[in-house]
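Take a look at the structure set out below.
Each reported figure results from applying straightforward, stated rules to the coordinates on display, with no laboratory input. If you're wondering where the values come from, they're calculated on a predicted model, not measured in any experiment. All Cβ positions, glycine included, derive from the backbone under ideal geometry; neighbour counts span all protein chains shown.
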Amino acid sequence: MTKSVLLDSTLTCPQCAHSVLETMPTDACQWFYECTQCQTVLQPKPGDCCVFCSYGSVPCPPIQQDGGCCSKI
């Protein structure tokens, strides 16, 4: 049975608390994201594979599927 994967995650900037709904890539982890409000460049926290795992409401698709990290974009 295949797990259902959510592709939308709400990213929240730790600097200004601005939140935005983004669609996550399915084949790679996103290591950088620029906040659309304050232009802070988000990077994963230590131990996380991508910005969605660190600052999103939903972890990235590879983590949702099998718990494994993916390649960066």
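Each peptide among 20-30, 36-46, 56-66 gets the average number of other Cβ atoms lying within 10 Å of its residues, and from highest to lowest they stand as 56-66, 20-30, 36-46. The label point for THR12 and the one for THR36, both projected 7 Å from the Cα toward the Cβ, are 1.8 nm apart. Sort segment 8-66 into rounded, prolate or oblate with this rule: let a ≥ b ≥ c be the square roots of the eigenvalues of the Cα gyration tensor; rounded if a/c is under 1.5, and if a/c is not under 1.5, prolate when a/b is larger than b/c, oblate otherwise. Note, shape of segment 8-66 comes out prolate. Annotation: amide H of LEU42 within the under-5 Å range of TYR33, GLU34, CYS35, sequence separation 5 or more or interchain, hydrogens built in the peptide plane. The string of couplings for segment 17-31 from the Karplus curve (6.51, -1.76, 1.60, θ = phi - 60°) is 6, 5, 10, 8, 7, 10, 8, 7, x, 9, 10, 7, 8, 9, 8 Hz, one whole number per residue in order, with x for Gly and Pro. Residue by residue, segment 39-53 carries 3J(HN,Hα) couplings of 6, 5, 8, 7, 10, x, 6, x, x, 9, 8, 7, 5, 5, 5 Hz when phi is fed to the Karplus relation 6.51 cos²θ - 1.76 cosθ + 1.60 (θ = phi - 60°); x denotes Gly or Pro. Note on the chain: helix-only mean residue ellipticity at 222 nm, from DSSP H runs of 4+ residues weighted -39500 (n - 2.57) and normalised by residue number, equals -3000 deg cm²/dmol.
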